[in-house]
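Asker: Below is one structure. I have some questions about it.
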Amino acid sequence: MTGPVRATTDQILEISMNTNVGSADRTIRLVLAVVALVAAYLAGFGSALGIVLVVLAAVLAVTAVVRFCPLYRLFGASTASR
């Protein structure tokens, strides 16, 4: 009898949803998320611009981490290698 089967995070993501954000795209999204957060800080987190930038940073960070972008799916685009 063998032990439990262990899947990597990449395998789980590939099984649960089709990834459509490639590694270069992920890096760019994470860098832009940090830039947006810094800009939100400079604009003031409570200002309208600051709030928009925080939301933008969150969307960029989440799509980079899960490697899935709903807009890419909508338009049939993908930067992930197959």
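Readers should treat all values here as calculations from the given coordinates under stated rules, not as data from a laboratory. Because the structure is predicted, anything quoted here is derived from the model rather than measured. Neighbour counts are summed over all protein chains in view; Cβ atoms, including those assigned to glycine, are modelled from backbone coordinates with ideal geometry.
Asker: Decide, for region 19-73, between rounded, prolate and oblate: order the square roots of the alpha carbon gyration tensor eigenvalues as a ≥ b ≥ c, take rounded if a/c falls under 1.5, and otherwise choose prolate if a/b is larger than b/c, else oblate. Walk me through the numbers on the way to the answer.
Answerer: Details: a/c = 3.80, a/b = 2.14, b/c = 1.78.
Because a/c hits 1.5 or more and a/b exceeds b/c, region 19-73 counts as prolate.
Asker: Additional query: Using packing as a proxy for protection, rank 30-42, 68-80 so that the peptide with the highest average count of other Cβ atoms within 10 Å comes first.
Answerer: Answer by packing, highest mean first, reads 30-42, 68-80.
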